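See below for the structure under consideration.
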Amino acid sequence: MALKKSQIYSSLWKACDELRGGMDASQYKDYILTILFVKYISDKSKRDSEYLLEVPEGASFSDMVELKGDAEIGDKINKIIAKIAEPNDLLNVINNADFADDSLLGKGKKMVDRLTKLISIFEGLDFESNRVGGDDLLGDAYEYLMRNFATESGKSKGQFYTPAEVSRILAKTVGIGPQVKPNQTVYDPTCGSGSLLLKAAAEAPNGISIYGQESENSTWALAKMNMVIHNQAANEMWCDDTLSDPHFKNSDGGIKTFDFAVVNPPFSSKAWSSGFDPDNDEYARFEYGTPPPKNGDYAFLLHVIKSLKSKGKGAIILPHGVLFRGNKEADIRKRLVDKGLIKGIIGLPANLFYGTGIPACIIVIDKEKAHTRDNIFFIDASKGFVKDGNKNRLRERDVHKIVETETLR
């Protein structure tokens with residue numbers, strides 16, 4: 001019998017409850033999502049003998065089930081996960097959570113009981129029998145967990161997830177749609193858990209090649225798992241700091257360029273120049289000016305511009321202050337406007353994003369028509385939202401209005 005979304009969501013959030021004890025959301029998400037991942041690939045490999053990931057003998061979810069009540073359950077789960085990680089090039093991806101950590105999971109019987117209950121919850125979810133809708137169902141469930149973890153993780157940890165409605169706006173604004181070809185590329189230099197890239201890819205039914213980079217290892221691991229669960233495992237995801245060590249380069253060592261970029265970088269990063277000298281940047285990203293040392297908003301914008309092809313299009317979410325701040329940022333802003341690189345600016349409601357309540361905007365970059373551009377479109381979408389718990393959320397009609405208005409330009 002097919003699973004209902006409400007059933008899987010409630011079961012997964014119940015699993016979170018089992019681990020709340022000694023951890024905050026930024027910690028227990030790794031345990032939940034790792035078990036979910038093992039359950040998914042185990043069920044998937046049962047029904048598809050040519051599944052792209054190998055589930056070695058003795059390392060499936062059913063082997064975890066056999067450990068319920070075992071005094072060494074945590075250590076044995078770690079060994080199962082390591083067995084899966086090694087042949088699938090997933091070391092430091094699915095083995096980040098230590099299931100034998102008694103400082104987080106409790107000691108002795110407390111750990112055994114907690115992990116036994118956790119496995120039992122996932123044991124009741126049968127992805128194998130959901131041959132038609134299972135993948136979409138699980139992908140939705142993963143996103144549901146990301147959203148809830150982001151809500152609970154606090155200001156320092158909420159940046160790994162971009163709200164789905166905002167992601168769709170970015171994708172549509174840069175022109176990702178049915179006309180896009182599989183060999184075209186979309187890039188996110190601060191990809192978090194990969195949710196923004198996946199939403200962009202969903203707008204291209206014929207396929208699109210995904211490139212992402214993320215500086216935090218545990219968040220990059222979430223992105224790698226997210227790609228596998230959404231059947232996008234072949235795409236390139238890299239872990240390192242984009243500004244100090246951009247991974248994607250051309251054969252001549254310069255910055256690789258892409259057809260599209262969709263980006264939600266950390267707002268107003270104070271350590272953006274750590275590890276390199278922006279005034280002598282080997283990739284010449286700051287030709288329009290060097291951003292102030294204690295605010296990295298324009299650093300990410302300039303990196304995106306450098307990373308786009310001559311006809312490339314990008315959309316980046318930044319705090320509203322980038323439109324008004326003076327000094328170095330004003331100089332950069334003027335040069336970008338004079339060059340015609342900024343196609344438009346969309347003002348968003350406050351309190352949309354996890355980790356901050358400040359209002360933000362989307363800056364739309366279009367290199368293709370920069371040389372003839374003599375105006376910039378502005379959309380004030382700050383009033384179109386609905387309250388959703390302690391956050392604001394864009395409704396379908398709000399998304400449609402923004403996109404429809406933008407496409408008329």
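Any idea which of 187, 385, 305 is furthest toward the positive side of the dipole for the chain, if Lys and Arg beta-carbons carry +1 and Asp and Glu beta-carbons -1?
About the Cα centre, the residue reaching furthest to the positive side is 385.
Taking the Cβ-Cβ separation of residue 72 and residue 383 as r and a Förster radius of 41 Å, what is the calculated FRET efficiency to the nearest 0.05?
0.10
Need the list of aspartates and glutamates near residue 68 for cross-linking: C-alpha distance under 15 angstrom, and skip anything on the same chain fewer than eight residues off.
Hits, sequence-local ones excluded: 18, 113, 123.
Computing the accessible area with a 1.4 Å probe over protein heavy atoms, can you report the carbon and sulfur percentage for the chain?
47 percent
Using per-residue counts of other Cβ atoms within 10 Å, averaged over each peptide, order 53-66, 220-233 from highest down.
For the peptides 53-66, 220-233, the packing ranking is 220-233, 53-66.
Once you place label points 7 Å from the Cα toward the Cβ at residue 277 and residue 13, how far apart are they in nm?
Between residue 277 and residue 13, the simple spin-label model gives 5.3 nm.
Can you compute the charge dipole magnitude of the chain about its Cα centre, using +1 on each Lys and Arg Cβ and -1 on each Asp and Glu Cβ, nothing else charged? Give it in debye, rounded to the nearest 20.
Using Cβ point charges on Lys, Arg, Asp and Glu, the chain gives about 1560 debye.
Report the FRET efficiency, 1/(1 + (r/R0)^6), for residue 117 and residue 47, where r is their Cβ-Cβ distance and R0 is 35 Å, rounded to 0.05.
0.80
Among 326, 217, 91, whose Cα sits farthest toward the positive end of the charge dipole of the chain (+1 at Cβ of Lys/Arg, -1 at Cβ of Asp/Glu, about the Cα centre)?
Value computed over the given set: 326.
Using a Gaussian network model of the chain whose springs link C-alpha atoms within less than 10 Å, name the residue from 297, 277, 240 with the highest mean-square fluctuation.
Among 297, 277, 240, the largest GNM mean-square fluctuation belongs to 277.
About its Cα centre, what dipole magnitude does the stretch 282-409 give when the only charges are +1 on Lys and Arg Cβ and -1 on Asp and Glu Cβ, stated in debye to the nearest 20?
Taking the Cα centre of the stretch 282-409 as origin, the dipole is about 60 debye.
With the other protein chains left in place, how much accessible area per residue, in square angstrom, belongs to the chain at a 1.4 angstrom probe?
44 Å²
Which lysines, on any chain, are close to residue 391 with Cα under 17 Å apart, when same-chain ones fewer than 8 places away are left out?
The qualifying lysines are 155, 157, 383.
Using 0.36 nm per residue, how much length does the chain from residue 270 to residue 109 gain when fully extended, once their Cα-Cα distance is taken away?
Taking 0.36 nm per residue and subtracting the Cα distance, the gain is 53.5 nm.
Please compute the length gained on full extension between residue 324 and residue 82, using 0.36 nm multiplied by the number of residues separating them and subtracting their Cα-Cα distance.
Result: 82.1 nm gained on full extension.
Once the whole set of protein chains is in place, how much accessible area is left on residue 324, using a 1.4 Å probe, in Å² to the nearest 10?
Rounded to the nearest 10, the figure is 140 Å².
The values are calculated or read from the model by the stated rules, or taken from the named source; none is laboratory data. Please read these numbers as outputs of a predicted model, since none were measured by experiment. Methodologically, a virtual Cβ is constructed for each residue, glycine included, from the backbone with ideal geometry; neighbour enumeration extends over all protein chains shown. What goes into the accessible areas is simple: the full protein's heavy atoms, side chains included, and nothing from ligands, DNA or RNA. Shrake-Rupley method; radii C 1.70, N 1.55, O 1.52, S 1.80 Å.
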